[in-house]
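The values are calculated or read from the model by the stated rules, or taken from the named source; none is laboratory data. All values derive from a computational prediction rather than experimental measurement. Every residue, glycine as well, gets a Cβ built from its backbone with ideal geometry; the counts of neighbours run over all protein chains shown. Heads up: the accessible areas ignore ligands, DNA and RNA and are worked out on the full protein's heavy atoms, side chains in. Shrake-Rupley method; radii C 1.70, N 1.55, O 1.52, S 1.80 Å.
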Amino acid sequence: MEESVTLTDNRTGRSIEIPIVGGGVDAGAWRKLLGGIWFNDPGMATTAVTSSAVAEIDGEAGILRYRGYPIEQLAERSTFPEVAYLLVYGELPTGAQLDEWTFEITRHTFIHENFRKRIYDAFHYDAHPMGLLVSGVAGLSTFYPEAKDIFDPDNRRAQIVRLIAKMPTLAAAAYRFSRGLPFQFPENADDYPTRFLKMMFDVGGDYEPDPPLVQAMRVLFILHADHGQNCSTTATRVVGSSHADPYTAIAAGCAALYGPLHGGANEAVIDMLTQIGSYDEVDGFIAEVKAGKHRLMGFGHRVYKNYDPRAMIIKAAAHDVFKVIGKNPLLDIALKLEEVALADDYFVSRRLYPNVDFYSGLIYQALGFPTNMFTVLFAIGRTPGWLAHWNEMVEQKSRIYRPRQIYTGAPKRDYVPMKDR
Ligand code: CMC
């Protein structure tokens, strides 16, 4: 039997039956019955803005899959370029496809020297690298004006390759600018995470990252690669829906990611752990969170009402990194925070669990990244996901995003001349 819901307009007595299809009901049927009555849904918490085949998330069960493949398997066995291909094209690549893809995203890593020097040099020396990244990505559109032709699949592929290739270069350049270090050119012979780590940290030509650190970077990029219609992906789609070029749309994604409730949370977690300062202060801090003085950063999620599967993998990866580098002293505070929170009714009743950002910052810090680079790392990882959704949206020929509002302002009134105010 087909499942459905029945809506009745009590003003008129008219009813309409709407079938439940794929876990959703068609808003068009709502409009037919209730034209001019808007579905009031702050934060779009109950609205599916699109159908999408990119990532499946079951928040109740704590499941995340990219194109059907469990995140745990991809984190263990895949590479970041392979996952990027999977997200964008829907299938794991064959050997030949992966070779071609890897060749492309290795050959397009350079950024025009005029751009890197002139744009980044315009910033103050202590500018936040996310500010540089947002501007850098948006600025790239001026170098590739052909990117505006979004309905040509070959052209889309060219820009997708460029963005995945250039993101680490832009990110590392932002870091080196802030440190006053000369720019390090990308090396084609390296794999994606090694190339990025070298662009970040090599100074005298002899930096070789430890294999477990490269592995950690690989896992972190993969875990961040997509997460359905999150805030930054939605921002990318909103801008892309007006048929802006992909650089401009992805710059919007970066901008949305910057905020502490989204990608900025990993930086906020380290600030929080540093502020707590010691194991003994954890109980007092939790009491303050419960009193509404702070949020427990890295906890809670709009979709997950269970342990975020990414947090589980990152927690294990953190231990591998600490074996090589030595333990991050903030780890004990984080572990105790988690233990106390998961046993406390405030967090249990609201189903607040550690999310992806709770442990990722500890690894980033151990790898030597300054806290203001954490969200930039998230952005590198998320770029294939943003692009997969943007590409999907263009293929779907989706409509421009244009939500409604419930107007609560003043009714009509006449302009008051200055002398009468
Ligand atoms: N600490 C304390 N209380 C919290 C927290 C938290 N981290 N998160 C939610 N709550 C409480 C909130 O106060 C509310 O309580 P009440 O019902 O008494 O008013 C209840 O839980 C529901 O919270 P909400 O704000 O309505 O939930 P949301 O779905 O709108 O927000 C969230 C989701 C992720 C923004 C939020 O949980 C949060 O601010 N977490 C901390 C920031 C963070 O870690 N963000 C990273 C998210 S994962 C990576 C990513 O996707 O970017």
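Below, the figures for the structure above:
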read-out: Search result, residues across region 104-133 that are closer than 25 Å to TYR85 by Cα, among the charged types (D, E, K, R) and open to solvent by less than 90 Å² (accessible area, probe 1.4 Å); value: GLU104
read-out: Checking THR142 against (1) closer than 28 Å to THR79 by Cβ; (2) without any contact (Cβ under 8 Å) to a residue 60 or more places away in the chain; (3) not acidic (Asp, Glu), the condition it does not meet; value: (1)
read-out: Odd one out for PRO354 among (1) within 21 Å of ASP58 (Cβ to Cβ); (2) in contact with a Pro (Cβ under 7 Å, 6 or more places away or on another chain); value: (2)
read-out: Residue ID - nearest to the ligand (Cβ to nearest atom), chosen from residues in region 219-234 that are in a helix (DSSP H, G or I) and surrounded by fewer than 22 Cβ atoms within 10 Å (Cβ to Cβ); value: CYS231
read-out: Selection from region 252-272 of residues that are open to solvent by 10 Å² or more (accessible area, probe 1.4 Å), more than 24 Å from PRO329 (Cβ to Cβ) and more than 8 Å from the ligand (Cβ to nearest atom); value: ALA252, ALA255, ALA256, TYR258, GLY259
